[in-house]
Amino acid sequence: SACKNRPLDLVFIVDSSRSVRPEEFEKVKIFLSEMIDTLDVGERTTRVAVLNYASTVKVEFPLRTYFDRASMKEAVSRIAPLSAGTMTGLAIQTAMDEVFTEEMGTRPATLNIPKVVIVVTDGRPQDQVQDVAASARAAGIEIYAVGVDRADMQSLRIMASEPLDEHVFYVETYGVIEKLTSKFRETFCAVNVCALGTHDCDQVCVSNGGSYLCDCYEGYALNPDKRTCSAVDMCAPGRHECEQICVSNNGSYGCECYEGYTLNPDKKTCSAMDMCAPGRHDCAQVCLRSDGSYTCDCFEGYTLNPDKKTCLAVDMCAPGRHDCEQVCVRDDLFYTCDCYQGYTLNPDKKTCSKAITSSLVTTEESCKCEAIAALQDSVTSRLEALSTK
């Protein structure tokens, strides 16, 4: 028998993809009819709509069409399977865009009528259902996910509202899907404010006898109003396991590392990386690794510029930079020593000694001297002979 549940705007979203055999789809239609029988259906009580989906989505009837059980069940009996893919995300988006509107029979928000979706599927969504379901929940739509046979449980949990153990159901075959009718009857008819959706908790509703208390998800704390929740600082000392840097992220956190370190596979600890590896530094000549960081240096004959990265060639012959005794001769980045005129470079290639002048004459010069001496002797002899006469 129908229960006097609180009024709902209830939308069934039914999978009729090719994986659902015709006889199995007939079982789904029986389940819908039995659900309708348990609800307090009416224009001012619970309104019902049905969406049929596969690769496409068909609105079998919106919330404004039928307000009595007989008409609804007759419409359900005429539903035919679409027999294609499984676009669950598209179906939920269609419910938001084309069913949960005042034009299609959804009652104004001022009346505070809960918006509820029951998705029945036996497969894995072939589209991005996670973001669409999150948008629907953010818009105030409560989602129940019913999986049958081959249904992907992870996808059901992604779609459903919290707490998941109250919003995710699974049955082994379509042959026993009718068992869920009593589950939903307990949910919609029980004196359970949390199940009926009549509470004003921001995140988690905890049933407490005929009343309720509000709670928050992990990483959130209940505000003084006892209804809403605020993200706590998960990076406060003692709340995280990061070795170096903790980054708070909407009630959770992630770990990062200081510059020059890389995050290890455990996503918590850090290891110093080689900052002097090719492509990791901006030193012009020499990179010196230093505990996860680095400094720049230059080759011999160069000096580091004020930017601490580039290098400038220095004058190796500047005073104090060489060890030449007399003359320094610059040669690109190096130098050699030389001596002043009259000096010669010693074997150490640095110091100089005064040059020794040679007194030896050449053979040619010796011959010239002998000829001159002979001529002088000949002239002297003739002069002596003339003087005796």
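The values are calculated or read from the model by the stated rules, or taken from the named source; none is laboratory data. Since this is a predicted model, take the numbers as computed values, not measurements. Protein only, heavy atoms only, side chains kept; ligands, DNA and RNA dropped before computing areas. Shrake-Rupley method; radii C 1.70, N 1.55, O 1.52, S 1.80 Å.
So the values come out like this:
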item: Accessible-area order (highest first, 1.4 angstrom probe) of the listed residues Arg150, Arg44, Arg69, Arg18; result: Arg44, Arg18, Arg150, Arg69
item: Expected 222 nm ellipticity per residue - DSSP helices of 4 or more, -39500 (n - 2.57), all of the chain, to 500; result: -7000 deg cm²/dmol
item: Heavy atoms of Val20 accessible to a 1.4 Å probe, total area in Å² rounded to 10; result: 10
item: Entries in Lys58/Lys226; Lys115/Lys179; Lys226/Lys268; Lys179/Lys226; Lys73/Lys115; Lys268/Lys309 that, when Cα-Cα distance is taken, lie over 31 Å; result: Lys58/Lys226; Lys226/Lys268; Lys179/Lys226; Lys268/Lys309
item: Under Karplus coefficients 6.51, -1.76 and 1.60, residue-wise ³J(HN,Hα) of region 146-152 in Hz, glycine/proline x; result: 10, x, 10, 6, 8, 4, 7
item: Solution diffusion estimate, µm²/s, Stokes-Einstein, the chain, Kirkwood Rh from C-alpha pairs, 25 °C, viscosity 0.890 mPa s; result: 83
item: Area of Lys308 that stays accessible when all protein chains are in place (1.4 Å probe, Å², to 10); result: 130
item: Portion, in percent, of the accessible area of region 275-314 that falls on carbon or sulfur, probe 1.4 Å; result: 51
item: Long-range HN-HN contacts of Leu51 with modeled amide H, under 5 Å; result: Phe12, Ile13, Val14, Glu60
item: Mean Cα-pair separation over length for region 283-357, i.e. relative contact order, pairs under 8 Å, 6 or more apart, %; result: 17
item: Accessible-area value, Arg280, 1.4 Å probe, nucleic acids and ligands omitted, Å²; result: 110
item: Whether region 3-190 is rounded, prolate or oblate, judged on the alpha carbon gyration tensor where a/c under 1.5 counts as rounded; result: rounded
item: In order through region 261-266: 3J(HN,Hα) via Karplus (6.51 cos²θ - 1.76 cosθ + 1.60), integer Hz, x for Gly, Pro; result: 10, 10, 6, 6, x, 6
item: Long-range amide H partners of Ile79 with built H, under 5 Å; result: none
